[in-house]
Amino acid sequence: MDEQLIVELVRMERRIQPRLGGRKLYGMLKRELEEAGVKVGRDRFFEVLRAQGLLVEPLPRSPRTTYSRHSLPVFRNRLKERVVRGPNEAWVADLTYVRTEEGYLYLSVIMDAWSRKIVGRSVADTLEAEGALEALEQALGQLPREMRPLHHSDRGCQYCSHAYVERLERAGLEISMTERWHCYENAQAERVIGILKQEYYLGGTFRTKSQARRAIEEAIELYNRRRPHGALNNQTPEQVHEMGKEKLFCPPSGGQNPSKGRERTIREVTKKLTTGNQDVTPLINLQSTNHKSAFPGTQFQVSSFKFPLSHHSVIPTPGFPNATHRA
């Protein structure tokens, strides 16, 4: 009976997030299982998943889309020197391709380095800079008036283009780029792309571009508002981002190890979410609707998302000194 309940709960969540891993499922379902009188450890939980064929198989790696051998402006890596203590202090950006039978689409994302929330995204038909610029404009549109995050990316030609650099400088954002080990120096952005492709099937081939665009929107909303994140004490990026903006965390004191300081602020935020000290309104309506999922090979229905969005204008400020140029 206990095993049957575990399987039913896992399958119910997998209808919404079919590639959500075992550790996150365990964290999400543990309280519900305890309320039903079922006490199960993580190892036993994994044994049940393995016996029922519910473990997620890894997907093969995808080819890269970064072209960094160009003569456009480049900047040094400032992110590695930065201690990020809250949302909108640093953003990381990357792009990837999505296959369809009608041709490729190119997804550009900008993620908050502290909360892991995707704050800007765009889907384009080409690898030109316009797609990355559209994602940037979306991110700037939700940026609080007083914030100026560091913008970090690889040295792809989209991010080094004159139009993109000028827009960053016009908005008053400091620019940071990878220097040598591009994937490793932009690991956070690479990771979120991997999650979208592996857990939400964006690494597959869609029948049409329209289907792919719908799947991308669904995947990002699920990632932001439904998927628990291990680095966020198993809270969602949206929850932590909003709590952080309200200053419901305690910044680390001087002299602390930066990584320990960041863990402390995350704990302060997520503690208020889990202990009931803060009234957290649900950010997602999970009532099933007749919204057909865009994910290929699945029959489940994805819920509709109902949430308020607030947009803030950005006041342009003087740009930063000119970047260096590659010889």
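The values are calculated or read from the model by the stated rules, or taken from the named source; none is laboratory data. Model, not experiment: these values are computed from the prediction. We place every Cβ from the backbone using ideal geometry, glycine too, and count neighbours over all the protein chains shown.
Looking across the stretch 32-50, the residues that are in contact (Cβ under 8 Å) with a residue 24 or more places away in the chain and closer than 18 Å to residue 12 by Cα come down to 33, 36, 38, 45, 46, 48, 49.
Conditions (1) of a type in the set (Asp, Glu); (2) more than 24 Å from residue 203 (Cα to Cα); (3) assigned to a helix (DSSP H, G or I), marked per residue:
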site: 3; (1), (2), (3): yes, yes, yes
site: 9; (1), (2), (3): no, yes, yes
site: 13; (1), (2), (3): yes, no, yes
site: 19; (1), (2), (3): no, no, no
site: 33; (1), (2), (3): no, yes, yes
site: 38; (1), (2), (3): no, yes, no
site: 48; (1), (2), (3): no, yes, yes
site: 53; (1), (2), (3): no, no, no
site: 56; (1), (2), (3): no, no, no
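Residues in the stretch 86-100 that are farther than 30 Å from residue 205 by Cα and in contact with a Ser or Thr (Cβ under 6 Å, 6 or more places away or on another chain): 87 alone.
For (1) crowded, with 19+ Cβ neighbours inside 10 Å; (2) modelled with pLDDT of 95 or more; (3) under 27 Å from residue 238 (Cβ atoms); (4) touching a helix residue (DSSP H, G or I) at 6+ places or on another chain (Cβ under 7 Å), each residue gets a yes or a no:
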residue	(1), (2), (3), (4)
74	yes, no, no, yes
82	no, no, yes, no
92	yes, yes, yes, yes
99	no, no, no, no
102	no, no, no, yes
115	yes, yes, yes, yes
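Of a type in the set (Ser, Thr, Tyr) and surrounded by fewer than 21 Cβ atoms within 10 Å (Cβ to Cβ) - does that describe any residue in the stretch 137-155? The answer is no; no qualifying residue exists.
Residues of the stretch 178-188 that are out of contact with any Ser or Thr (no Cβ under 6 Å at 6 or more places or on another chain) and crowded, with 23+ Cβ neighbours inside 10 Å: 178 alone. Which residue out of 202, 173 is buried (at least 17 other Cβ atoms within 10 Å of the Cβ), part of a loop (DSSP other than H, G, I, E, B) and over 17 Å from the mean Cα position of the chain (by Cα)? From the options 202, 173, the qualifying one is 173. Among the conditions (1) assigned to a loop (DSSP other than H, G, I, E, B); (2) over 22 Å from residue 217 (Cα atoms), the only one that residue 115 does not satisfy is (2). Taking the condition in contact with a strand residue (DSSP E or B) (Cβ under 9 Å, 6 or more places away or on another chain) and in a loop (DSSP other than H, G, I, E, B), does residue 143 pass? Yes, satisfied.
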